[in-house]
Structures are given as structure tokens and as C-alpha cells.
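A.B. asks: Structure incoming, see below.
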Amino acid sequence: MTGTGIRLHAPAPGWAIDADVVVVGSGVAGLTAALRCEAAGLRTVVVTKARLDAGSTRWAQGGVAAALGEGDTPEQHLADTLVAGAGLCDEEAVRILVTEGPDAVRRLIATGAHFDEAADGALQLTREGGHHRRRIAHAGGDATGAEISRALVEAVRARALRTIENALVLDLLTDAEGRAAGVTLHVMGEGQHDGVGAVHAPAVVLATGGMGQVFSATTNPSVSTGDGVALALRAGAEVSDLEFVQFHPTVLFLGPDAEGQQPLVSEAVRGEGAHLVDADGVRFMLGQHELAELAPRDIVAKAITRRMLEQGAEHMYLDARHFGAEMWRTRFPTILAACRAHGIDPVTEPIPVAPAAHYASGGVRTDPRGRTTVPGLYACGEVACTGVHGANRLASNSLLEGLVYAERIAADLTAAPLPARVPHLPPHPERPAHPLLPPESRLALQRTMTEGAGVLRSADSLRRAGDRLQALHDEARETLHEHGKTAEPGVDTWEATNLLCVARVLLAAAALREETRGCHWREDRPDRDDGAWRRHIVVTLNPDRTLAVRTTEAADFPPTSAQPQEQ
């Protein structure tokens, strides 16, 4: 595996540090992996794009799912996960998740995370969409992610782990055989504008989160620009199931022109008994699924979208007025404050909601130990595709997946001594072979993806979106070839270029999958087709930046080409 030879156009590294492991990302997955590696004696460096606590984990409201309650079992959790995944979950990966999950949560508690407790001191568990049991542990009512992030960040600082904050990862460093040997990165807001450096390490763990910013409206923070997936593609890794982007059904509607990160109204609100209604107060989820408002997210998002189309409405409503002021104040203080900040009081009026991009069920393809198809490169959390989520993530499985698979990566890395790696970085050409996308193209890209590859897709909408993105690329390429210039290297252009990379893969996979499954909804192919499409779509990047797309049987997950790490 020698990679594609493609790198972002950037200055050569002007500084470097050495480590055994470099973890890119500081959410639940990244910090868990880093803490476990450091505890085992590995020199570990954490690189994060903003501050340590500024990733997607911080924004998780609902909680972490695990079979921790009386009468609940991993087998029941397994069954609910497989149903939500719509036939594409890897059962082995899910079984690992649900059996190792309860103890992983207990270790998180031992690390310092405080979850809400009932009067008898037991964990206070709630229920969310797709779950037949109360198995969601939460903190601060609806501030679970913030509490988990706090506990892990405090643990990292207490152990004095080396961290590099405000740093955008650029590309994978490799040795002469194409094995991971570290990363290049750009430190933002410190030193020179082109503060590019490198961390040399024989193991690289991607935990960079999602890619929600590829759409114009998302629950993801501004840092979620698909950097990890784009890096992995340039390094030659396989990416799988990228068409399955989960749109959260109940995001606070701020108007038709609202863009960027939107406030989430947690699924736990429906778990506690809130109802979805239209403008006439009709509960339209009744009769559509046995769980009504607590159906899996793809079903609820589709039902909301369908009702909006039928009525020509811009949003639906979430009605929880029957909760009363005290329950809103104690159980959902974060959501209450967000709603009131936008002029809506959920105690006295229904909340306007509409779906928005929320979670990438696909990502960099890994085996059960978190290894990608590039030796020495690992992935965990939302950036990874472990096979757990299939075509649609079950609510609150994401934090658990981050915990479980981060611990598995650390176990694999500490099983035997890591080899020394000598990074081999080819010299930068005087003129870049591939253009950077100018930052002003980012908004056009996001609007294109929302219109063409949002909740509702078709062959025509996907083709139009592909044509528009190709035009953006062609314009940048013509400027490069005709004038020898590309957009100036910098954070805005690197992010826009990464977004274009992941958007192209998403469109290619969505166009190929001619069926409706999970959170991939094709209005021109409304039925699920197990005969033809109980398969995964796997994409790699060719050296000329074209995409190599193939399909594999669902039973072929995880990847068979993941090579054992040299120990």
C-alpha cells in the first residue's frame, strides 16, 4: 500500500516532534484512545482542530446507550441496533459494541464522568428512538456530551498528555513502504500564517469526527469538515457507506435561510413523551410505525419531510407543553435555554422542527481492532466505519462506539512494541498538480449538497449536484492550468478542498445505490432491494483524483485487506 501520492498543497513542515502514537481528534473516541495508550506507556500526542473540548462530543445531548438496566441484555441491544441498521450492520461489530459497552461505560465513570442517578443511586436511564428498553445513560439532563468531554479533558490534563490545539491535520506521512509514519498539520492562530509542522509516529489514530459541514444546515460544529475522511482517501484507505448520512428529525427550525450549525432538540425529548404534530395539531407518526415518534431516526425524518411536502410547510412541530415548567427546567435545561434564546418557549408553545444533517454512519473502513487498509493508520468514532451502524445509526450508539473501539485500538497498539518508522515525504513540486478550492466556493458546495443529496434524493438531483461540484472543481483547475495559480494554502482553502473530496464520494455512492435503505432515501427508487443492494459501497481515490467505486457483500465486512501491523 503506497497511497495515492496526492497531498494538499501546503508548505513543507517547518518543525517536527516525535511520538509513538498521534491521535487526531479530542472527542470521546480520541481522548479515550489517547488516555489508554498513554497509560500503557506509549508516548502519545493529541492533535485537535480547536480546543480540546470543542468537538462534536460536547454537543451530544441524549446520552450513551448500554445494557445497564435491570432486565436489559446485550442481546436486546443487539437486536435493536440490527433493526435500525436496515440489513447492513456487521453483526460481529455490533456484538462487540453491546457486550463490551457496559464495562466501557463503567470505566468512563471511573475516569470521572458523572451520570444522572435515581433516588436509590442507580443510573437514571431513559429511552430514545429505536430502543425497546430504557438504556440511555445521561448527564445534566441533556448535557451528556459536555459532561463526558469535561471528564476526559480533565483526565488528559491531569496526566499531562502532550496536546496540540488549534491544529488542522493535513496529510498522512508514510515510510518508504507506505506505512503510516505520522501526520503533517497546520497550527492556527499561533506563529506564522503557514505554521505547518509534523508529528512523526509509527501509529496514527484518526478520531476527527464527522462531515456535517458538507451540508448547509447541520447539527455539527464548524470544525466538522470531513478532514479525516479526506486525509484517509488521499493516503489510499478505503471509505465505505458514505451515502448513509443521518438527518436528525428534530432540529430547531430557524428559518429557510438558516445555515451552519443549528440547535438540536434531542431525541430524548420524544423519549420522555413529546409528540410530533403538524400545524393543525395532528400526530402524524401514529400508524406509521409501532413506536410512533420513537421510531428509528430515518423513519421519523422521512415522515416529517413527507408531511412537509404534502402540506407545503417548512417545518413541523414538537409538542411537549404537557411536560410542565419544572420538567423542562430539570430534564432539558440546555434545550430550554436554546429555544428561549431564539424566541420560543417550549413550556407554552410547540417547537418548530425540521430535519438537518447530523451523523455520518459511514466513514474510513476498519476491522474490529480499528485498523484501516493502510498499515499503521487507525480510525474510531464518527470518522470510522466499523460496521456497527449499517444504513442508519441507532440513537446514542455513537458515544458507546467511540468508547469501545477506541479501547480496542489502544489494546491493539499496546499488544507488542511499535516499530520505528522513518517518514518519507516527497519534495513539494514548484507547481501543485491539483488545485485547492477557493473558500468562497464553500457555501455553493453546501447548498448544492443540501438540495441534491439531502433527506430526499433522486437520480436527477444527484446528477445536478455532481455537475455543480464538477464545475467548481473545473474552475479551480482551469485557473491552475492556465495561470499557474491555485487558491492560497490556508485553513479555509484546505477545509473547502476536503469538503469537495468527501462530497464527491457521497454523491457517487448515493447515485450508485438505486434503492431506499436506512437514511438513504431515493424518491425515484422508494423500495428497499435486498436482492441487489444488501451490499456496501467502497470507494478509494485514484492518483488522478478520480474515484474507484466497488461493492461488497454485507457479509464481507470488515475489510479483508486490512494488513496486520508489524510489531
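Listed here are the residues, each with its yes/no results for (1) more than 26 Å from Asp367 (Cα to Cα); (2) in contact with a strand residue (DSSP E or B) (Cβ under 7 Å, 6 or more places away or on another chain).
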position: Gly5; (1), (2): no, no
position: Ala29; (1), (2): no, no
position: Arg51; (1), (2): yes, no
position: Ala54; (1), (2): yes, no
position: Ala60; (1), (2): no, no
position: Ala65; (1), (2): no, yes
position: Ala79; (1), (2): no, no
position: Asp116; (1), (2): yes, no
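A.B. asks: Also, quick follow-up: So, in segment 46-60, of the ones that are in contact with a Gly (Cβ under 7 Å, 6 or more places away or on another chain) and outside any helix (DSSP H, G or I), which residue ends up farthest from Ala110 (Cα to Cα)?
C.D. replies: Among residues in segment 46-60 that are in contact with a Gly (Cβ under 7 Å, 6 or more places away or on another chain) and outside any helix (DSSP H, G or I), the one farthest from Ala110 (Cα to Cα) is Thr48.
A.B. asks: Residues that are out of contact with any Pro (no Cβ under 7 Å at 6 or more places or on another chain): which strands (runs of 3 or more DSSP E) entirely in segment 194-299 hold 2 or more of them?
C.D. replies: 203-206, 245-252, 275-277
Yes/no matrix, rows are residues, columns are (1) within 18 Å of Phe215 (Cβ to Cβ); (2) buried (at least 24 other Cβ atoms within 10 Å of the Cβ); (3) not assigned by TED's automatic domain parsing to the domain that holds Ala444:
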{"position": "Trp494", "(1), (2), (3)": "no, yes, no"}
{"position": "Gly518", "(1), (2), (3)": "yes, yes, no"}
{"position": "Asp544", "(1), (2), (3)": "no, no, yes"}
{"position": "Leu547", "(1), (2), (3)": "no, no, yes"}
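A.B. asks: Let me ask something else about it. Are there any pairs with C-beta distances below 6 angstrom linking a residue in segment 9-35 that is farther than 9 Å from Ala406 by Cβ to a residue that is of a type in the set (D, E, K, R) and in a loop (DSSP other than H, G, I, E, B), with the two at least 6 apart or on different chains, and if so which?
C.D. replies: Pro11/Asp194; Ala19/Arg43; Asp20/Arg43
A.B. asks: Restricting to segment 2-25, what's the tally of residues that are over 18 Å from Gly197 (Cβ atoms) and in contact with an Asp or Glu (Cβ under 7 Å, 6 or more places away or on another chain)?
C.D. replies: Number satisfying all stated conditions: 0.
A.B. asks: Can you tell me which condition Thr330 does not meet? The list is (1) at pLDDT below 95; (2) closer than 28 Å to Arg234 by Cα, and all the others hold.
C.D. replies: The number of the failed condition is (2).
A.B. asks: Let me ask you something else. Considering only segment 322-333, I want to know if a residue exists there that is aliphatic (A, V, I, L, M) and buried (at least 21 other Cβ atoms within 10 Å of the Cβ).
C.D. replies: Among the residues of segment 322-333, not one is aliphatic (A, V, I, L, M) and buried (at least 21 other Cβ atoms within 10 Å of the Cβ), which makes the answer no.
A.B. asks: Sticking with this one: Pick from segment 7-45 the residues that are of a type in the set (Val, Ile, Thr) and assigned to a helix (DSSP H, G or I): which of them is surrounded by the fewest Cβ atoms within 10 Å (Cβ to Cβ)?
C.D. replies: Thr32
A.B. asks: Listed residues Leu318, Leu294; which is modelled with pLDDT of 95 or more, under 25 Å from Thr218 (Cβ atoms) and touching a Lys or Arg at 6+ places or on another chain (Cβ under 9 Å)?
C.D. replies: Result: Leu318 is the single residue among Leu318, Leu294 that is modelled with pLDDT of 95 or more, under 25 Å from Thr218 (Cβ atoms) and touching a Lys or Arg at 6+ places or on another chain (Cβ under 9 Å).
A.B. asks: Can you pull out the residues in segment 117-143 that are of a type in the set (A, V, I, L, M, F, W, C), under 19 Å from Ile335 (Cβ atoms) and in a loop (DSSP other than H, G, I, E, B)?
C.D. replies: Answer for segment 117-143, where residues must be of a type in the set (A, V, I, L, M, F, W, C), under 19 Å from Ile335 (Cβ atoms) and in a loop (DSSP other than H, G, I, E, B): Ala139, Ala143.
A.B. asks: Still on this structure: Name the strands (runs of 3 or more DSSP E) wholly inside segment 324-391 in which the number of residues that are under 22 Å from Asp412 (Cα atoms) is 3 or more.
C.D. replies: Qualifying strands (runs of 3 or more DSSP E): 363-365, 377-379.
A.B. asks: Could you check, for segment 387-406, whether at least one of its residues is more than 10 Å from the chain's Cα centre (by Cα), assigned by TED's automatic domain parsing to the domain that holds Ala110 and surrounded by fewer than 24 Cβ atoms within 10 Å (Cβ to Cβ)?
C.D. replies: no
A.B. asks: Further question on the same structure: Tell me, please, whether a residue that is modelled with pLDDT under 90 and surrounded by fewer than 24 Cβ atoms within 10 Å (Cβ to Cβ) can be found in segment 457-464.
C.D. replies: Looking for residues that are modelled with pLDDT under 90 and surrounded by fewer than 24 Cβ atoms within 10 Å (Cβ to Cβ), one finds none in segment 457-464, hence no.
The values are calculated or read from the model by the stated rules, or taken from the named source; none is laboratory data. Model, not experiment: these values are computed from the prediction. Note that we place each Cβ from the backbone using ideal geometry, even for glycine, and neighbour counts take in every protein chain shown.
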